[in-house]
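Below is one structure, written out as C-alpha cells, with a few remarks after it.
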Amino acid sequence: MYTLNERLPTTNGYVKQINLYPLELQLKTPFKTAHGLTTARPITLVELVWGDGSRGYGEIQSFYDAAYDTETQAISIAAIRAAAPAVFQNSIPVGMPSFARAALEMAFSAVMPAREGAQLISLPTMVDDTAQGVPVGQAIGIMPNAQRLTNQIERAIAQGYQRIKLKLGAAPYDDVIAQVMPRFPTTMFSADGNGGFAVHDGLQRLQRLEGMGFTFIEQPFSEDQNELNIAAIKQLTSLRISLDESLHSIEDYERYRQTGALFTIKQAKIGGWRTAMHILQTDANAWVGGMLASGLGRSVDLALAQVSLTNHFAAYIPTDVSGSDRYFERDIIKTPMVIEHGAIQVPTQIELDWEAIHALQVTSTIEIRP
C-alpha cells in the first residue's frame with residue numbers, strides 16, 4: 001500500500017508555490033440532511049506550481065463547521081500551511097488531517113503540463129480501460145412532504161439514475177418515506193442516517209426500514225455510538241449497514257474491517273485517492289460515496305468508482321457520484337459530466353473554468369512560498 005510519508009514521484013522539479021482559492025459553490029436547491037441544511041458548498045481549490053511551470057490541482061472538501069467531520073475548512077487550510085515545507089520537497093508529511101492530505105495528493109496527481117497554451121489537466125489513471133461508463137445513483141435530501149419527495153424521485157428516475165439514496169431525518173420522516181417508496185416498486189433504494197438515530201428507538205427504526213425494502217443504510221448511529229452500528233449489523237436480516245462518518249483514515253477502516261459492515265469510501269475523507277483505491281481493490285464490501293464535490297473532485301471519484309466495479313458489492317450498487325450539473329448553479333469545470341443511459345463516462349482530462357473560479361471565490365487567494 002502507498003506509504004503516507006513517501007516522497008511523491010514527479011518529473012517537474014520541486015514545488016515552488018502553493019496557491020489556495022477559497023470558493024463557495026451555490027446549490028440549485030437547499031440540501032437537507034440530519035446534519036443540517038446546506039445552501040452553499042465551501043471548496044478550497046489547491047494549486048501547486050512546480051519550477052518548470054507545471055501546475056497541479058486538488059480540492060479541500062471539508063465543511064465550514066464540524067457537523068459532518070471535526071476537520072473544518074479552517075483546520076484544513078492551516079494544515080496545508082503547516083505542511084508547506086514538506087510540499088516544497090514534493091512530499092506530504094505523516095499525520096496530516098484527512099481532507100487536507102487528500103487535497104494535496106490530488107494536486108500532486110492531477111497535473112497540467114507547462115506547455116504554452118496548455119489548458120487540460122490530466123487526471124490520475126486508475127484502470128487500463130477508461131471507456132466503460134460508471135453506473136450512478138442520486139442522493140435526495142429531506143423533503144417537506146411526500147409529494148415533494150415523490151417529485152424528486154420521479155425526476156431522478158427520468159434522468160436515468162439507477163439507485164435513489166434517501167436522506168433520513170427524525171423518526172416521523174420514516175412515515176413520509178413509507179408513503180412514497182411503494183410507488184416505485186422496481187427502484188433500488190438506499191438510506192442515509194448521517195448518524196442521526198437515537199439510542200432509545202434506533203433499532204426499531206432500522207427494523208422498520210428493513211421491512212420497507214432498502215438495500216442498505218449508511219451510518220444510522222453517530223460515530224460516538226459506533227458500537228450500536230456494529231451491534232445492529234448482527235440484529236438485521238437483509239438490511240446492511242455501511243459506515244461513513246466513522247471512517248477518517250485507513251486505521252479506522254482496518255478497525256472495522258471484520259465486523260460485517262459495508263464501507264462508504266470517500267477519498268477526500270479517508271486521506272486521499274491512493275488509500276481509497278487500495279481499499280476498493282481489496283475489499284468486496286467497499287463502494288464509492290459522494291461528498292458534494294466540484295467537477296474536479298467528482299472526476300477523481302468517478303475514476304475510483306470504476307476501480308470499485310471489480311469488487312462484488314460496488315459492481316451491484318451504483319455509485320453516489322451524480323452528474324456534475326446535479327447540485328450547483330455554477331461549477332469550476334468547463335465541460336460537465338452528464339448521465340447517459342444510467343452511467344457517466346470517466347474523464348481522463350478536464351479543463352478548469354477560471355472565470356467561474358474567480359466569480360465563486362469568497363476570500364483572497366492564499367499564496368504560500370518557501
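The values are calculated or read from the model by the stated rules, or taken from the named source; none is laboratory data. Source: prediction; values computed, not measured. Backbone-built Cβ (ideal geometry, glycine too); neighbour counts: all protein chains shown.
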statement: Picking from R205, R155, the residue that is out of contact with any helix residue (DSSP H, G or I) (no Cβ under 6 Å at 6 or more places or on another chain), surrounded by fewer than 17 Cβ atoms within 10 Å (Cβ to Cβ) and not in a loop (DSSP other than H, G, I, E, B) would be R155
field: Only listed residue being polar (S, T, N, Q), outside any helix (DSSP H, G or I) and within 17 Å of A139 (Cβ to Cβ), chosen from T259, T264
entry: T264
- prompt: Does the range 346-359 contain any residue that is under 17 Å from the mean Cα position of the chain (by Cα) and under 20 Å from L123 (Cα atoms)?
  reply: yes
query: Would it be correct to say that N226 is in a loop (DSSP other than H, G, I, E, B) and not acidic (D, E)?
result: no
query: Taking the range 346-370 on its own, how many of its residues are among the hydrophobic types (A, V, I, L, M, F, W, C) and free of Cβ contacts under 8 Å to residues at least 60 places away in the same chain?
result: 3
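In the set Q61, Q73, which member is surrounded by 15 or more Cβ atoms within 10 Å (Cβ to Cβ), in contact with a helix residue (DSSP H, G or I) (Cβ under 7 Å, 6 or more places away or on another chain) and at pLDDT 95 or above?
Of Q61, Q73, the one residue that is surrounded by 15 or more Cβ atoms within 10 Å (Cβ to Cβ), in contact with a helix residue (DSSP H, G or I) (Cβ under 7 Å, 6 or more places away or on another chain) and at pLDDT 95 or above is Q61.
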message: Within the range 43-72, take every residue that is of a type in the set (S, T, N, Q) and part of a strand (DSSP E or B) and give me the one that is farthest from P85 (Cα to Cα).
response: T72
Residues of the range 32-48 that turn out to be over 14 Å from Q361 (Cβ atoms) and either of a type in the set (D, E, K, R) or surrounded by 19 or more Cβ atoms within 10 Å (Cβ to Cβ) (or both), as a count: 5
message: Checking R208 against (1) in the same structural domain as L262 (by TED's automatic domain parsing); (2) modelled with pLDDT under 95: exactly one of these is not met. Which one?
response: (2)
- prompt: How many of the residues in the range 232-256 are assigned to a helix (DSSP H, G or I), under 25 Å from L209 (Cα atoms) and without any contact (Cβ under 8 Å) to a residue 24 or more places away in the chain?
  reply: 0
- request: Would you tally the residues in the range 77-116 being polar (S, T, N, Q), closer than 17 Å to G56 by Cβ and not in a loop (DSSP other than H, G, I, E, B)?
  value: 2
- prompt: Can you name the residue in the range 227-264 that is more than 14 Å from F216 (Cβ to Cβ) and within 15 Å of the chain's Cα centre (by Cα) and, of all such residues, is surrounded by the most Cβ atoms within 10 Å (Cβ to Cβ)?
  reply: L247
